[in-house]
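So the structure is just underneath, and the comments pick up after that.
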Amino acid sequence: HDLKNPLLGIMMTADVIRGASADNALVSERAEAVKAESQQMFGLVQDILDSSAAEAGRIELNRSSLNLVEFVSRSHLAWSDRAKVKDQKINLILDREKECEIEADAGRLRQVVENLVGNALEFSPLGSEITLSLRGGDSVVLSVRDEGPGFSGEDLVHIFRPYAKLSATPTGGESTTGLGLAVA
């Protein structure tokens with residue numbers, strides 16, 4: 001939800017790749033994480049453009065079939081790498097181990113989930129746990145739970161306004177733009 005956090009993820013992942021170059025499977029896995037983080041950075045630039053388009057009432061959805069279990073599982077690795085910087089852990093609970101096909105705009109869904117997980121990492125204390133879960137039958141619920149301070153009553157009035165900075169302070173000195181929830 002801002003430009004610095006994904007770049008930090010790219011830098012950390014690159015460090016892991018350099019340190020683990022003897023293990024080809026790990027190198028391949030981490031290289032894929034670098035690719036995913038780079039794609040995320042591209043997506044964030046698109047977020048800024050999308051914010052302008054939303055204000056003008058011109059958002060378009062590109063729906064396609066998407067396996068939500070695969071989507072969440074693939075993204076978990078990149079988020080886990082970022083969590084390690086603050087000695088945090090992201091637990092993944094998949095109540096839906098089998099296929100979970102939905103019709104969605106993968107890019108828009110990624111924006112929303114990345115914002116929620118990114119905020120959880122940013123505002124939760126060092127050493128805390130964040131839980132990402134996918135539960136349900138015909139109706140599926142994707143949720144993010146963290147140990148951060150949450151929103152104050154005053155925050156709720158401004159929560160989706162672009163560039164609104166809320167009362168919570170990032171726990172690792174991260175800077176915020178206040179754009180993430182508005183775009184999501």
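The values are calculated or read from the model by the stated rules, or taken from the named source; none is laboratory data. Bear in mind that the values here come from a model prediction, so they are computed numbers and not experimental data. Cβ coordinates were reconstructed from backbone atoms using ideal geometry, including for glycine residues, and neighbour counts include every protein chain displayed. All accessible areas refer to the heavy atoms of the entire protein, side chains included, with ligands and DNA or RNA removed. Shrake-Rupley method; radii C 1.70, N 1.55, O 1.52, S 1.80 Å.
Looking at Ser80, Ser73, Ser143, which one is of a type in the set (Gly, Ala, Ser), surrounded by 12 or more Cβ atoms within 10 Å (Cβ to Cβ) and either over 19 Å from Met41 (Cβ atoms) or more than 18 Å from the chain's Cα centre (by Cα) (or both)? Show your work before the answer.
Values: Ser80 fails: either over 19 Å from Met41 (Cβ atoms) or more than 18 Å from the chain's Cα centre (by Cα) (or both); Ser143 fails: surrounded by 12 or more Cβ atoms within 10 Å (Cβ to Cβ).
After ruling out the rest, the residue left standing is Ser73.
For a quick check of your reading of the model, give me the residue pairs whose first member lies in region 160-171 and is under 15 Å from Ser124 (Cβ atoms), whose second is in a loop (DSSP other than H, G, I, E, B) and open to solvent by 60 Å² or more (accessible area, probe 1.4 Å), with beta-carbon atoms closer than 7 Å and at least 6 apart or on different chains.
Cβ pairs passing all conditions: Leu166/Phe151; Ala168/Pro149; Thr171/Leu126.
Taking strands (runs of 3 or more DSSP E) that fall entirely within region 87-178, which contain at least 2 residues that are modelled with pLDDT under 90 and of a type in the set (A, V, I, L, M, F, W, C)? It would help to see each step written out before you state the result.
Working: elements: 89-94, 101-104, 129-136, 140-145.
By residue number, 140-145.
Among residues belonging to region 16-39 that are exposed (fewer than 14 other Cβ atoms within 10 Å of the Cβ) and outside any helix (DSSP H, G or I), point out the one that is modelled with the lowest pLDDT.
Ala22
Quick one: which residue in Ala78, Ala83 is among the hydrophobic types (A, V, I, L, M, F, W, C), touching a helix residue (DSSP H, G or I) at 6+ places or on another chain (Cβ under 8 Å) and either assigned to a loop (DSSP other than H, G, I, E, B) or farther than 16 Å from Glu174 by Cβ (or both)? So that I can check it myself, show each step before the final result.
Values: Ala83 fails: either assigned to a loop (DSSP other than H, G, I, E, B) or farther than 16 Å from Glu174 by Cβ (or both).
The match here is Ala78.
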